[in-house]
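Notes follow once the structure below has been shown.
The values are calculated or read from the model by the stated rules, or taken from the named source; none is laboratory data. Remember, it's a predicted structure, so these values are computed and weren't measured experimentally. Virtual Cβ from ideal backbone geometry, glycine too; neighbours counted across all protein chains shown.
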Amino acid sequence: MSSPIPVVICDDSLIARNQMSRALADWNVDITFAEHGLKALEAVREGKGHLLFLDLTMPIMNGYEVLERIKRDDLPCITIVVSGDIQTKAREKVFALGAIGFIEKPINAETLKEALQAYGLLTELEPQPNVQSSQASQTIGLLEHLRETANIAMGKTAQQLSEMLNLFIHLPVPRVDYLSFSELTMTLNQASENKPVTTISQGFVGIGVAGEALLLFQESSIQDLAEVLHYEHDLSDMAAREVLMDIANVLTSAFFANLSHLLKLSLSRATPKILGLHCEPPNLKESLLASQKLLCIEIDYRFGEKNTHCDLLVLFTNDSLPTLKKQLVEVQ
């Protein structure tokens with residue numbers, strides 16, 4: 001058997017790194033893990049990454065920045081992007097930056113083998129006895145499971161939004177954490193950036209799960225979105241409501257559909273309602289959310305090249321945790 005091929009798996013998600021490691025378990029490779037793009041570049045420069053599997057949405061240095069550095073410095077590295085961001089514009093961008101392939105998350109051995117064969121790389125790898133990565137033994141908590149699931153759902157939602165608006169959607173690393181009610185109030189204030197916002201609320205419920213989704217739009221973003229959707233330039237309150245409901249219906253419907261599919265849960269949603277137009281974030285003291293600790297997914301969607309964005313907060317009640325844990329463990 002020849003020497004193993006140096007491979008770097010670059011992803012901020014431990015789950016995603018484990019999935020890729022398991023998919024490569026039958027091949028003669030020497031794997032180096034990187035939690036962000038800067039570590040991946042260091043590994044490539046040290047000769048540890050003849051083949052790089054690269055996520056796009058990461059802290060410190062994202063995948064696009066890694067591809068730009070590899071291209072600029074002419075580093076000896078073959079790069080395959082593995083991402084939940086499946087926008088057509090994202091694919092076009094990574095290929096323009098030198099990636100040879102794009103694999104949609106989640107990854108498994110079969111999809112990886114098909115991709116490697118399509119890219120002409122399968123003959124470069126040799127089979128080896130099944131060797132488990134040491135990372136697979138690490139304990140993965142609920143927040144990590146949910147963050148990676150939300151990341152994939154976020155990417156699928158961005159593709160639908162991108163097609164609707166004909167814009168590239170810039171995706172952040174989703175934030176997932178437990179929040180008390182006071183912490184939720186702080187999060188809403190931070191999302192508003194101390195500016196007037198419009199907030200849309202939509203409750204949801206399923207077997208063993210319940211909660212509420214909140215969408216926050218700043219006034220400047222509403223105007224920009226209205227122009228993209230070809231509404232009149234001077235927005236009346238009624239026209240602004242139409243713009244917001246159009247975007248909210250697509251964004252929340254798409255995100256919940258994608259998240260429900262990944263979690264193998266059926267979630268019913270209430271009719272969206274506007275809690276406040278051009279004002280401070282809503283006071284939720286009278287809502288169900290005020291009485292308990294919450295599990296929050298926060299995503300800041302940014303549209304096009306302007307500073308047009310909206311914040312999506314998906315809030316699960318504390319009673320939802322047992323069901324979420326069960327479903328997340330089953331699907332990962």
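If you check L38, L24, L14 for being crowded, with 22+ Cβ neighbours inside 10 Å, of a type in the set (A, V, I, L, M, F, W, C) and either over 28 Å from G141 (Cα atoms) or not assigned by TED's automatic domain parsing to the domain that holds I152 (or both), only one passes: L24. Counted as qualifying within region 176-286 are the strands (runs of 3 or more DSSP E) with 1 or more residues that are within 22 Å of T308 (Cβ to Cβ), namely 197-206, 209-218, 273-279.
Looking at L38, L24, L54, L67, which is the one that is aliphatic (A, V, I, L, M), free of Cβ contacts under 8 Å to residues at least 24 places away in the same chain and under 23 Å from G155 (Cβ atoms)? Just a single option satisfies the conditions, and that option is L38.
Residues that are surrounded by fewer than 18 Cβ atoms within 10 Å (Cβ to Cβ) and either over 19 Å from A240 (Cβ atoms) or out of contact with any Asp or Glu (no Cβ under 9 Å at 6 or more places or on another chain) (or both) within region 187-202 comprise N189, Q190, E193, N194, listed in sequence order.
Residues in region 255-286 that are surrounded by fewer than 19 Cβ atoms within 10 Å (Cβ to Cβ) and in contact with a Lys or Arg (Cβ under 8 Å, 6 or more places away or on another chain) were compared, and the one that is modelled with the lowest pLDDT is L277. Can you find a residue that is in contact with a His (Cβ under 7 Å, 6 or more places away or on another chain), at pLDDT 90 or above, surrounded by 14 or more Cβ atoms within 10 Å (Cβ to Cβ) and assigned to a strand (DSSP E or B) anywhere in region 313-332? No. The strands (runs of 3 or more DSSP E) found wholly in region 1-110 and carrying at least 2 residues that are over 20 Å from A150 (Cα atoms) and over 24 Å from the mean Cα position of the chain (by Cα) occupy 5-10, 29-34. Of all the listed residues (L179, L171, L262, L184), the sole one being in contact with a Ser or Thr (Cβ under 8 Å, 6 or more places away or on another chain), closer than 13 Å to L313 by Cβ and either touching a residue at least 60 places away in the same chain (Cβ under 8 Å) or not aliphatic (A, V, I, L, M) (or both) is L179. Put simply, of L165, L184, L216 the only residue that is of a type in the set (A, V, I, L, M), at pLDDT below 95 and in contact with an Asp or Glu (Cβ under 9 Å, 6 or more places away or on another chain) is L216.
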